[in-house]
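Here is the structure we will look at.
No value in this document is a laboratory result; all are computed from the given coordinates. In this text the structure is predicted, and so the values were computed from the model without any measurement. Positions of Cβ are generated from backbone atoms using ideal geometry, with glycine treated the same way; all protein chains shown enter the neighbour counts.
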Amino acid sequence: MFKMNFKIVFGTDTKYRITAVESIKIAESVESIISTAEITLPGRPKGDSIKSGDEIRIWLWYDDNKPLLEFEGFIKEFSDNGSKYVLYCENEVYKLRKSRMENAEYKKVKLSDLLQKIASASGLKVESDYEFDYDSFAVQNASAYQVLKQLKTDTPSHVFIKSGVLHVHLPFSLDFGSAIYDTRVNIDKDGYGLTFQTKDQRKVRFVYKGKDKDGNQIQSGVKGSPDGDIVTMDFKGVTTEETLNRLAEEHANAKMFDGVEGSFTGWLYPMCHAGFKADMRFSLQPERNGVYYVSAVETSFSSSGAKRKITLSKKLS
């Protein structure tokens with residue numbers, strides 16, 4: 001039986017820590033800007049030591065193994081029903097919600113410039129290799145989070161925040177680390193739910209619509225599977241069919257790939273997070289062995305154990 005260990009620290013006060021928890025749940029995905037943590041305590045902490053807006057860091061580990069930093073963020077809110085006290089936390093999106101952007105109407109603006117304005121408003125750093133130019137982009141009574149959410153909606157890029165850094169990249173290009181999983185060794189057979197799919201089995205098509213400089217309706221070609229369902233995206237920020245075609249092509253490539261659907265359950269070790277590469281070994285299907293992209297991870301922790309629900313997507317090699 002493993003000894004389950006945790007450390008939860010608030011702000012810079014490393015002396016104040018929670019000493020007992022019922023459960024911890026952490027969720028992150030490259031498809032979402034928001035990462036969350038939910039901490040259930042057996043009762044209300046004494047005094048007023050914890051409040052909304054406090055920074056929080058969470059470490060988890062077994063026995064004498066190295067503590068794993070699992071979450072960094074802020075307390076968003078809490079609930080108290082008398083018997084349980086729950087802290088709801090989120091990553092630096094908490095700061096983005098509180099940061100207001102200046103009203104502006106930008107012409108011929110680069111995505112990288114907009115990201116820097118978001119970073120300046122919130123104190124984040126930026127790492128991005130995704131290049132895109134808007135013909136126009138308007139900011140009106142919006143928070144930094146609302147602007148970033150719009151940028152994510154407009155493009156097929158993966159937008160992810162980790163350790164104070166705003167990452168914006170083409171899908172499947174984030175690389176935060178790697179982990180090895182073997183169906184005979186460290187995968188829970190009761191939590192296995194992977195289905196293999198080829199690019200041709202993913203039936204979807206994309207069309208981007210917009211208006212040219214004269215206000216006339218324009219649209220991209222249909223990109224994706226010839227017999228797939230059509231997803232239509234309306235885009236106000238560009239005025240050329242060339243750019244709309246690029247966006248539709250990138251979006252189709254992000255959704256059509258050889259890989260898997262679904263998830264499997266592993267344990268706390270090895271460490272694995274969204275944006276990792278999983279080196280998968282399938283004992284009964286060795287032809288499926290390879291490196292897959294980790295798109296989402298849900299980590300659960302309690303006195304009875306710790307598990308990770310790991311969602312895979314594209315086969316990288």
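Counting neighbouring beta carbons within 10 Å and listing from fewest to most, the residues 97, 205 come out as 97, 205. Projecting the Cα positions of 221, 253, 240 onto the charge dipole of the stretch 203-255 (unit charges on Cβ atoms of Lys, Arg, Asp and Glu, taken about the Cα centre) puts 253 furthest along the positive direction. Please work out the Cα center distance from the stretch 36-76 to the stretch 172-220, rounded to the nearest Å. Using only Cα atoms, the two centres lie 31 Å from each other.
Ordering 279, 190, 234 by the number of other Cβ atoms within 10 Å of each residue's own Cβ, fewest first, gives 190, 234, 279. Ordered by the number of other Cβ atoms lying within 10 Å of each residue's own Cβ, fewest first, 139, 9 fall into the sequence 9, 139. Computed over the chain, relative contact order equals 17 percent, with contacts defined as Cα pairs under 8 Å that lie 6+ residues apart. Here the stretch 170-210 is scanned for amide nitrogen atoms under 18 Å from the site 7 Å beyond the Cα of residue 230 along Cα-to-Cβ, giving 203-210. Under the convention that each Lys and Arg Cβ holds +1 and each Asp and Glu Cβ holds -1, the size of the dipole of the stretch 203-255 around its Cα centre is about 120 debye.
Could you tell me which of rounded, prolate or oblate describes the stretch 96-169, using a ≥ b ≥ c as the square roots of the eigenvalues of the alpha-carbon gyration tensor, with rounded for a/c under 1.5 and, failing that, prolate when a/b is larger than b/c and oblate otherwise? Here the stretch 96-169 falls in the oblate category. Summing +1 for each Lys or Arg and -1 for each Asp or Glu among the other residues whose beta-carbon sits under 13 angstrom from that of residue 183 gives 0. Computed about the Cα centre, the dipole magnitude for the stretch 35-102 is approximately 260 debye when only Lys and Arg (+1) and Asp and Glu (-1) carry charge, each at its Cβ. Result for the chain in a Gaussian network model with C-alpha springs under 10 Å: among 79, 128, 32, the largest mean-square fluctuation is at 79.
With θ taken as phi - 60° and the Karplus curve 6.51 cos²θ - 1.76 cosθ + 1.60 applied, the whole-hertz 3J(HN,Hα) list for the stretch 65-73 is 5, 5, x, 9, 6, 9, 7, 9, x Hz, x standing for glycine and proline.
Relative contact order of the stretch 4-91: what whole-number percent is it, with Cα pairs under 8 angstrom and at least 6 residues apart? Before the final figure, lay out each step's value.
Numbers: 180 pairs, mean separation 27.3, N = 88.
Relative CO of the stretch 4-91 lands at 31 percent.
Shape analysis of the stretch 238-313 places it in the oblate category; the axes a ≥ b ≥ c from the Cα gyration tensor give an a/c of at least 1.5, with a/b not above b/c. The residues packed around residue 197, meaning those with a beta-carbon under 12 Å from its beta-carbon, carry a net charge of +4 if Lys and Arg are +1 and Asp and Glu are -1. Values (i) 1.11; (ii) 0.98; (iii) 1.06 are given for comparison; Cα Rg over 2.2 N^0.38 Å, derived from the coordinates here, is the one labelled (i).
Bridging of residue 236 to lysines at a Cα separation below 22 Å is possible for 107, 108, 110, 117, 149, 152, 209, 211, 213, 223, once same-chain residues fewer than 8 apart are set aside.
Using a ≥ b ≥ c from the Cα gyration tensor of the stretch 4-91 (square roots of the eigenvalues), is it rounded, prolate or oblate, where a/c under 1.5 gives rounded and otherwise the larger of a/b and b/c decides, a/b for prolate? Rounded shape, in that the Cα axes give a/c under 1.5. For the chain, the dipole from Cβ point charges (+1 on Lys and Arg, -1 on Asp and Glu) about the Cα centre works out to 560 debye, to the nearest 20. In this structure, the amide hydrogen of residue 204, modeled 1.01 Å from its nitrogen in the peptide plane, lies closer than 5 angstrom to those of 225, 228, 229, counting only residues at least 5 positions away or on a different chain.
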